[in-house]
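Only the coordinates and a few stated rules stand behind these numbers; no lab work does. Just so you know, these numbers come straight off a predicted model, no measurement behind them. For neighbour counting, all protein chains shown are included, and Cβ atoms are generated from backbone atoms with ideal geometry for every residue, glycine included.
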């Protein structure tokens, strides 16, 4: 054993737990600190227009067959949205959405009416006829008809077919007509301009093929608008722009509440100065989109699913706004474990270990449950992510038994270590194969890794055990080698993604300590280790 190893092995678990707890508390505290952001001039408000979809309540989705939106909900939604905008953009007139113009008229709002164009001609024709009917019935409310949304991007119709749809609508209404697609596809199909009254482009820096970092996002939008102005002669409407508040980082583009507010504030100022016409995506968070686009898909709204604003356009703002809740969770579980220690008549040093372990578990469990709620899109992902979190709690509990000098079944800990290694492999493999919509579950594995690292540093007796112990070592090591390779592949594919590199680093730590712990499991502490484990250097 080297001098450094000897030194580290003499440091009490109390010291390591205290340091980790302080670091965790600082991490949460820092996210709760307000940051000064650019403020939006009063004359840049309200928002010109905003995408409205009513599918934010549990079980609601436009993908659900026979879904019908209650007219009362539409009226209530528009009433709430009228506080931030005087215009909404829709994407379909089906499923009861044809009621939007009538509801908007009551509030003096305008509507950019969407026509959903997909694969099926019968459904397309029904949408077109109903939209034209509504536009002709409410010509003072409907300021434009969007015939198709990103249809060419999805490849569901051809350019000639879109020309035909646009020409039919123009022949049957006096309301301005347009088509909406990402800006690159407008450049690929510029002849569509001849059949529209204005060009509707989507500029989403996060979703670009080469995602743009938040600090350059508004400048990127301005650059695209400048280029489009040299290509098209008709007016240009930014049909979608915005930034997600949660989800997976893509290259340099990181979703966060702060970044969402930062982009919106910067964009609104730029729109005022450059006199852009725009529509923001979107009014309310859409949980159903998470199934299609991962966590990030559900968090583009300027309002949350309770119809409360997610950010302001003036003043400082913090990333987290949960106040004392995470600290109370930590304190509550810490006190609970201390109470258990008193009940078991544990000495003071062990009570300290119980208190620190409980506070760490409470704080991390709070963050982990939040992460699982955000990232799990279906029952399979929920079971896997929640299972990974519970596995971490179990591993912390097993290490706690060691720190308290209690016996723990070696077979149980070996199984837990192997399951954790499998978790690393499955996660890294999924990220490498198809990780566009998958998050990095770093928060789920930090706690067990630190707990295992602390146990590794406690001196053990010399033993000649091989057999099953070595078999466990090689299995865990093999799984983690594959996981680390996959993690490196992900980081190389996205060199600007800091979260990918952090995940790679975590996999590297796991590769270092999990096999060693597997080899160590079942080997007792040295004669004086249990007695000295609670005394620092």
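Details
- Full extension of the chain segment joining residue 220 with residue 393 gains 57.9 nm, where the gain is 0.36 nm per residue of separation less the Cα-Cα distance.
- The helix-based estimate of mean residue ellipticity at 222 nm for the chain, built from -39,500 (n - 2.57) per DSSP H run of four or more residues and divided by its residue count, is -18000 deg cm²/dmol to the nearest 500.
- Within segment 400-423, backbone nitrogen closer than 17 Å to the virtual label 7 Å beyond the Cα of residue 505 toward Cβ: none
- Hypothetical label at residue 75: residues of segment 94-135 whose amide nitrogen lies under 14 Å (7 Å Cα-Cβ projection): 99-108
- Taking other C-beta atoms within 10 angstrom as a stand-in for reagent exposure, 278, 56, 27 fall in the order 27, 278, 56, fewest first.
- Restricted to Cα atoms, segment 351-424 shows a radius of gyration and a Dmax of 13.7, 41 angstrom.
- The computed percent of Cα pairs over 36 Å apart for the structure shown corresponds, within (i) 44; (ii) 28; (iii) 34, to (i).
- Expected-Rg normalisation [2.2 N^0.38 Å, Cα atoms] applied to segment 231-358: 1.63
- Rh by Kirkwood over Cα pairs, then Stokes-Einstein D for segment 52-103 at 1.306 mPa s and 10 °C, µm²/s: 139
- Scattering profile of segment 42-298 at q = 0.07, 0.09, 0.17 Å⁻¹ [log10 I(q)/I(0), Debye over alpha-carbon scatterers]: -0.22, -0.37, -1.51
- Each residue in 209, 77 was given a count of other beta-carbon atoms within 10 angstrom of its own, and listing them fewest first yields 209, 77.
- Burial order of peptide ranges 35-43, 135-143 (average beta-carbon count within 10 Å, highest first): 135-143, 35-43
- Rel. contact order, % - alpha carbon contacts under 8 angstrom, at least six apart, segment 42-298: 18
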